[in-house]
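The values are calculated or read from the model by the stated rules, or taken from the named source; none is laboratory data. None of the values given here were measured: they were computed from a predicted structure. When we count neighbours, we look across all protein chains shown, and the Cβ atoms used for this are built from the backbone with ideal geometry, even at glycine. With ligands, DNA and RNA removed, areas are computed over all heavy atoms of the protein, side chains included. Shrake-Rupley method; radii C 1.70, N 1.55, O 1.52, S 1.80 Å.
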Amino acid sequence: MIASSLAPWGGTPGRFPGVDKLEHVAAYLVLMVWFAGLQPRHAWRWLALALLAMGALLELAQGAMDMQRTADVRDVLANATGIGLGAVASAAGLATWPYRLETWLARI
């Protein structure tokens, strides 16, 4: 994800405006659920802050590079939305994915 965030971007023809924001939300939701499943619940706050910092730093790096990429504060807001949704989904039970996977693997 970090490499794709910093790679040159040529644009995708026929792409709807705002689709990249949905991609940001989805990516950070998945990251939050993934790592929440690997961390105790009391560490989720730090996890969320680390993911938010990573997203903000990637945006700053995009703005500093001259590779057809620009920094966009709306991307950081989309990241934060994904992190928040991921935290809610994790609290609702998705954070137990490692245990369910381990149980499933033990049965096969």
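Miscellaneous remarks
- Residue within the range 43-53 that is more than 29 Å from R100 (Cα to Cα) and in a helix (DSSP H, G or I) present: yes
- Only a single item in (1) assigned to a helix (DSSP H, G or I); (2) loosely packed, with under 11 Cβ neighbours inside 10 Å; (3) not charged (D, E, K, R) is not met by F16, and it is number (1).
- Residues in the range 50-90 that are among the charged types (D, E, K, R) and surrounded by 18 or more Cβ atoms within 10 Å (Cβ to Cβ) were compared, and the one that is nearest to A26 (Cα to Cα) is D75.
- One residue stands out in the range 26-42 among those that are small (G, A, S) and assigned to a helix (DSSP H, G or I): the one that is farthest from the chain's Cα centre (by Cα), namely A36.
- Meets criteria (under 12 Å from the mean Cα position of the chain (by Cα), over 25 Å from M65 (Cβ atoms), modelled with pLDDT of 95 or more and open to solvent by 40 Å² or more (accessible area, probe 1.4 Å)) for W46: no
- Of the criteria (1) closer than 13 Å to D75 by Cβ; (2) open to solvent by 80 Å² or more (accessible area, probe 1.4 Å); (3) modelled with pLDDT of 95 or more, which one W9 fails: (3)
- Residue tally, condition of a type outside the set (A, V, I, L, M), touching a residue at least 40 places away in the same chain (Cβ under 8 Å) and part of a loop (DSSP other than H, G, I, E, B), over the range 54-71: 2
- Selection count, the range 91-108, where residues are open to solvent by 80 Å² or more (accessible area, probe 1.4 Å) and within 15 Å of L31 (Cβ to Cβ): 1
- Filter result for R74 (among the charged types (D, E, K, R), part of a helix (DSSP H, G or I), at pLDDT 90 or above and closer than 27 Å to Y99 by Cα): no
- Meets criteria (farther than 27 Å from P40 by Cα and modelled with pLDDT of 95 or more) for V88: no
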